[in-house]
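I have placed the structure first, in the form of structure tokens, so that the comments after it can refer back to it.
The values are calculated or read from the model by the stated rules, or taken from the named source; none is laboratory data. Owing to the predicted nature of the structure, the values given are computational and were not obtained by experimental measurement. So basically every Cβ, Gly included, is an ideal-geometry build from the backbone, and we count neighbours across all protein chains shown. Each accessible area value is taken on the protein alone, full model and side chains, heavy atoms only, with ligands, DNA and RNA left out. Shrake-Rupley method; radii C 1.70, N 1.55, O 1.52, S 1.80 Å.
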Amino acid sequence: MPKRIGHLYEKMLDKDFIRKTVVRACSQRHGRRDVSKVVQNMDKVVDELYEILLHDDEYKPSHYREKVLYDQSSQKYRTIRMAPFHPDCLIQWLLVEVMREPVFMRGLDYWSCSSIPGRGGQRIYRGLTHYIRHHPRSAKYAMQMDIHHYYDNIDITKLMAVLRRRIKDERFIRFVEITTRSSSADGNIGIGIGYNLNQWLANYFIVDIDRLIRADGSAGFYCRHMDNMTIIGSNKRKLRRLVRKVEAALKAMGLELKGDWQLFPLSKRDIVAVGFRYKADGSTMFRKRSWRKFRRQILRIARKQRTGKLIPPRQARGFMSRFGIFRKYTPSRKVFRMVSRIDISDLRRIAAS
């Protein structure tokens with residue numbers, strides 16, 4: 001077992017550290033009224049946070065409020081739980097900043113790429129395309145699987161046990177536990193989507209699954225986007241055996257692998273991950289629903305330009321963003337022919353306004 005880390009709580013009891021973290025949390029959020037109040041009263045907020053941390057036994061997290069949002073990428077509704085920015089969200093930022101390097105980043109797999117700054121879908125895109133193109137003999141089979149209702153089924157007691165393997169500061173662990181349980185509907189099973197702290201904890205909770213897959217040796221390439229796992233290998237029998245190992249490990253953690261996991265020859269089907277389809281020859285293209293959205297955007301804008309109607313800046317920015325992704329990652333003559341119907345320079349001007 002690696003050496004455990006202590007004195008994390010003491011690091012938070014530093015007003016300079018609190019101030020730097022608050023400034024970072026407020027950056028690019030100045031349009032929000034609650035954030036503006038924090039910025040305008042920075043010294044007072046820092047003192048209040050210091051007092052909360054100093055008397056942690058008296059701290060009671062605020063009750064969250066729920067909001068149901070439609071997730072365009074997964075095409076389903078998600079219940080988001082939101083806590084007040086001050087003090088609750090700021091305290092979560094402090095906890096994450098203290099744990100980021102010594103705990104989260106040190107134990108995280110290189111190809112775990114969700115909810116981590118600098119580790120978005122682009123890293124998975126580069127990894128998948130590079131492996132398929134440069135290792136054609138090994139890239140015969142692909143397997144995709146994810147965990148059934150991951151956030152809703154995390155056992156908080158087991159989550160804290162995973163943290164204790166890395167952290168020996170009990171005062172700090174208790175504070176993390178109080179914050180995490182406050183986001184749960186019953187306080188024991190499930191953590192809320194929307195908490196900054198929770199997305200880091202959810203990523204870290206299944207690092208043992210990453211290590212199990214690495215140690216097995218069946219995966220030529222492996223990446224994970226939160227609970228969505230993609231594996232490429234050359235032996236179908238070994239990959240099936242790996243699935244059984246993953247199922248057993250998840251069951252011991254109180255989790256369950258979703259029953260619709262897929263194992264297929266890469267020559268017959270495409271891998272679908274982070275918004276793209278990856279073919280056996282290493283080429284990529286938009287997944288079907290992303291292409292449909294892009295095509296509708298093109299037709300709407302072309303119609304407005306043809307009839308002289310006003311194009312809102314938001315619509316122009318949305319198109320330019322998607323077009324930039326397409327041009328960089330999935331160039332296609334067919335799409336370029338469609339885009340040629342639009343005056344791109346005009347849209348660029350509107351988007352910049």
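Considering (1) over 25 Å from Ala25 (Cα atoms); (2) part of a helix (DSSP H, G or I), say which one Asp186 fails and leave the rest.
Single failed check for Asp186: (2).
Run down Lys67, Lys20, Lys60 and say which single residue is under 24 Å from Val176 (Cα atoms), assigned to a helix (DSSP H, G or I) and open to solvent by 80 Å² or more (accessible area, probe 1.4 Å).
Details: Lys67 fails: assigned to a helix (DSSP H, G or I); Lys60 fails: assigned to a helix (DSSP H, G or I).
Of the residues listed, the single one that is under 24 Å from Val176 (Cα atoms), assigned to a helix (DSSP H, G or I) and open to solvent by 80 Å² or more (accessible area, probe 1.4 Å) is Lys20.
Just to verify a result, which residue in region 229-252, among those that are of a type outside the set (Ser, Thr, Tyr) and crowded, with 19+ Cβ neighbours inside 10 Å, is nearest to the chain's Cα centre (by Cα)? Before the answer, list the steps.
Our first condition is that a residue be of a type outside the set (Ser, Thr, Tyr); within region 229-252, this holds for 229, 231-233, 235-252.
Checking the rest, the ones that are also crowded, with 19+ Cβ neighbours inside 10 Å come to 229, 231-233, 239, 242, 246, 250.
Numbers: Met229: 13, Ile231: 18, Ile232: 21, Gly233: 25, Leu239: 26, Leu242: 24, Val246: 21, Leu250: 20 Å.
Among them, the one singled out is Met229.
Filter region 19-51 for residues that are within 25 Å of the chain's Cα centre (by Cα), under 27 Å from Glu170 (Cα atoms) and of a type outside the set (Ser, Thr, Tyr) and give the result.
Within region 19-51, the first condition is being within 25 Å of the chain's Cα centre (by Cα), and the residues that meet it are 20-32, 34-35.
Filter again for under 27 Å from Glu170 (Cα atoms), leaving 20-22, 24-25.
Once the filter is applied, which keeps residues that are within 25 Å of the chain's Cα centre (by Cα), under 27 Å from Glu170 (Cα atoms) and of a type outside the set (Ser, Thr, Tyr), region 19-51 yields Lys20, Val22, Arg24, Ala25.
Taking Gly190 and the conditions (1) open to solvent by 10 Å² or more (accessible area, probe 1.4 Å); (2) under 20 Å from the mean Cα position of the chain (by Cα), which numbered condition does it fall short on, given that it satisfies the others?
Unmet for Gly190, out of (1) open to solvent by 10 Å² or more (accessible area, probe 1.4 Å); (2) under 20 Å from the mean Cα position of the chain (by Cα): (1).
Name the pairs whose Cβ atoms lie under 9 Å apart, with the first residue in region 92-107 and hydrophobic (A, V, I, L, M, F, W, C), the second open to solvent by less than 10 Å² (accessible area, probe 1.4 Å) and not in a helix (DSSP H, G or I), and 6 or more positions between them or separate chains?
Final answer for the pair search is Met99/Ile167; Val103/Ile167.
Quick one: Ser267 ticks every box in (1) within 19 Å of His225 (Cβ to Cβ); (2) in contact (Cβ under 8 Å) with a residue 60 or more places away in the chain bar one, so which box is it?
Of (1) within 19 Å of His225 (Cβ to Cβ); (2) in contact (Cβ under 8 Å) with a residue 60 or more places away in the chain, only one is false for Ser267: (1).
Could you grab the pairs with beta carbons closer than 7 Å, sequence gap of 6+ or different chains, first residue in region 302-324 and within 19 Å of Arg337 (Cα to Cα), second one polar (S, T, N, Q) and assigned to a helix (DSSP H, G or I)?
Phe319/Gln297; Arg322/Gln297
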